[in-house]
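Written out below as structure tokens is the structure these notes cover.
The values are calculated or read from the model by the stated rules, or taken from the named source; none is laboratory data. The model shown is predicted, which means the values in this text are computed figures rather than measured ones. Cβ placement follows ideal geometry from the backbone for every residue including glycine, while neighbour counts extend to all protein chains displayed. Accessible surface is based on the protein model in full, side chains and every heavy atom, while ligands, DNA and RNA are left aside. Shrake-Rupley method; radii C 1.70, N 1.55, O 1.52, S 1.80 Å.
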Amino acid sequence: MKGGFYGLMGKQISLILIALVCSTILIWAWEKTPLLSPLLPPEDRLLQLSPETLLRVPTALKPHISSVTEKEVVNEHHEEISPGIEKSKTDVIATPFEEKGDVSEREMAKKQEERKHSPEVVSENNVHVEERACNYAKGKWVVDDSRPLYSGFGCKQWLSAMWACRLTQRTDFAYEKLRWQPNNCAMEEFTASNFLERMQHKTIAFVGDSLGRQQFQSLMCMATGGKEMSDVLDVGKEYGLVKAKGSIRPDGWAYRFPRTNTTILYYWSASLADLEPLDITNRLTDYAMHLDRPPAFLRRFLPKFNVLVLNTGHHWNRGKFTANRWVMHVGGVPNIDRKIADIGGAKNFTIYSIVHWVDSELLKYPGLKAFYRTISPRHFFNGDWNTGGTCDNTTPSLQEVLQDESSDPVAAGAVKGTKVTLTDITALSQLRDEGHISRYSIRATPGMQDCLHWCLPGVPDTWNEILFAQV
């Protein structure tokens, strides 16, 4: 019985050896004789093992299979995987435990769709790089005969006469023909129809000083093409924006385009701090200027806004504080912090406070987009606004803005780490000293020039083009 057993095993081993020799000869003949290849299965079917097949391999053979490294398998396809490389559907590389056929078309389509929405983009050599948002602040001014976007003669319904330089004695209007061109990206062309379509059933609110008011009026002219539109509704009452008794003007304006249900509004808040009369019975009372509290208007109506644009800057001086009877408050009481008592410190503290408050509110209103517009530069030469400063230049500067950082570091620092977007217009506006109202102001005292506000059409139109691109 014992001899019969070993005799039987010897015969089986002989047969196995004969089968292996024949297989070896057959494979050698396949490689050396092309005529046999149609009769044999594809080579990859002989070499690759799926995970399911691997599970059925005897344990004694597993070490031999696992010893095949990933790099060796990749070399079989004459390609090398690098950490930064992503293959397309036709370049899928098989790992030791994955066949090409294991990746279904549905799975690949899903991966390609996910790739479209990935924050990465693929360069020409297929290397993934992080997609960077366009820096609209870097670029140059170029002459464009298709400008301006609206007529300075025709936008009387929305544009204050004091800013409509076409209605003054000014005779040079080359400043109207300039268009801002970012360096490394194309800025979408603004059209009234595109803007209103994008802002359908939405409200855009400007909250800030008189430069914010200029941006608001600029957008009204851009959205209407500078034409009279009787169907645009005045909805100021919905926001309490009505002229109070004894006031020169209301605290703001709000207009609605019925066709698209688009509302554009402006609220005057020169400092972005909440102002509260200390004695409501006294017409000449001082006002508590709550540096750490946003305006009551903003707290009340923020849920109704879809786009919010904030700005402040030029009212932060002792003259304005005295004239407006503003008294700094922090935490509901008069401020005693010496660092904040300084005008510059108070401004910085307020900007940071308001931006971070808005950022915290964005969690409640996911449909709201908030922007902080950097400060608009002044161009008084040979003096200040009240000491004979002028801005008589009429030749536009065609220099470029090449810096990466903002020229308004306070604003840039305030939005850093928040979901509030910086609309950086300071450096590009700095090049446009010829675009101010200058000596043609109809409100200023004789001998004084307005080198703070801008002629419209003009530079604020570009602020809105950048805002439109960011929205």
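Checking each residue in the stretch 228-244 for being basic (K, R) and either within 23 Å of H453 (Cα to Cα) or at pLDDT 95 or above (or both) picks out only K237.
Can you pull out every residue in the stretch 176-197 that is among the hydrophobic types (A, V, I, L, M, F, W, C) and at pLDDT below 90?
Within the stretch 176-197, the subset among the hydrophobic types (A, V, I, L, M, F, W, C) is 178, 180, 185-187, 190, 192, 195-196.
Of everything in the stretch 176-197, those that are among the hydrophobic types (A, V, I, L, M, F, W, C) and at pLDDT below 90 turn out to be C185, A186, M187.
Condition check: in a loop (DSSP other than H, G, I, E, B), farther than 23 Å from T374 by Cβ, open to solvent by less than 50 Å² (accessible area, probe 1.4 Å) and not basic (K, R). Does L241 satisfy that? It is true that L241 is in a loop (DSSP other than H, G, I, E, B), farther than 23 Å from T374 by Cβ, open to solvent by less than 50 Å² (accessible area, probe 1.4 Å) and not basic (K, R).
Pairs linking a residue in the stretch 251-262 that is free of Cβ contacts under 8 Å to residues at least 12 places away in the same chain to a residue that is open to solvent by less than 10 Å² (accessible area, probe 1.4 Å) and outside any strand (DSSP E or B), with Cβ atoms under 8 Å and 6 or more positions apart or on different chains, do not occur.
Across the stretch 375-420, the qualifying residues are those that are part of a loop (DSSP other than H, G, I, E, B) and of a type in the set (V, I, T), and the one among them that is nearest to V142 (Cα to Cα) is T395. Take the residues of the stretch 140-163 that are in contact with a Cys (Cβ under 9 Å, 6 or more places away or on another chain) and among the hydroxyl-bearing types (S, T, Y): which is farthest from T263 (Cα to Cα)? So the residue we want is S151. Has the stretch 245-254 got any residue that is more than 30 Å from N317 (Cα to Cα) and assigned to a loop (DSSP other than H, G, I, E, B)? For the stretch 245-254, residues more than 30 Å from N317 (Cα to Cα) and assigned to a loop (DSSP other than H, G, I, E, B): absent.
So, G236, is that one over 20 Å from L196 (Cβ atoms) and either touching a Cys at 6+ places or on another chain (Cβ under 7 Å) or not β-branched (V, I, T) (or both) or not? No: the conditions fail for G236.
Residues are listed down the side, and each one gets a yes or a no for (1) in a helix (DSSP H, G or I); (2) closer than 25 Å to T312 by Cα:
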residue: E189; (1), (2): no, no
residue: S193; (1), (2): yes, no
residue: L196; (1), (2): yes, no
residue: A205; (1), (2): no, yes
residue: Q215; (1), (2): yes, yes
residue: L219; (1), (2): yes, yes
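Would you check if there is a residue in the stretch 123-131 being at pLDDT 95 or above, under 30 Å from I351 (Cα atoms) and in a loop (DSSP other than H, G, I, E, B)? Looking through the stretch 123-131, none of the residues is at pLDDT 95 or above, under 30 Å from I351 (Cα atoms) and in a loop (DSSP other than H, G, I, E, B). Tally time: how many residues in the stretch 265-281 are farther than 22 Å from Y239 by Cα and open to solvent by 70 Å² or more (accessible area, probe 1.4 Å)? Residues flagged as farther than 22 Å from Y239 by Cα and open to solvent by 70 Å² or more (accessible area, probe 1.4 Å) within the stretch 265-281 amount to 2. For the stretch 377-392, the count of residues that are touching a Phe, Trp or Tyr at 6+ places or on another chain (Cβ under 9 Å), surrounded by 20 or more Cβ atoms within 10 Å (Cβ to Cβ) and closer than 25 Å to F195 by Cβ is zero. Applying the condition of being among the small types (G, A, S) and open to solvent by 10 Å² or more (accessible area, probe 1.4 Å) to the stretch 244-264 and asking which residue is nearest to L302 (Cα to Cα) yields A244. The criterion of at least 2 residues that are of a type in the set (A, V, I, L, M) is met, among strands (runs of 3 or more DSSP E) falling completely within the stretch 276-374, by 287-290, 307-310, 326-330.
Within the stretch 403-433, track down each residue that is more than 19 Å from A174 (Cβ to Cβ), out of contact with any helix residue (DSSP H, G or I) (no Cβ under 9 Å at 6 or more places or on another chain) and open to solvent by 70 Å² or more (accessible area, probe 1.4 Å). The answer is D404, P409, K416.
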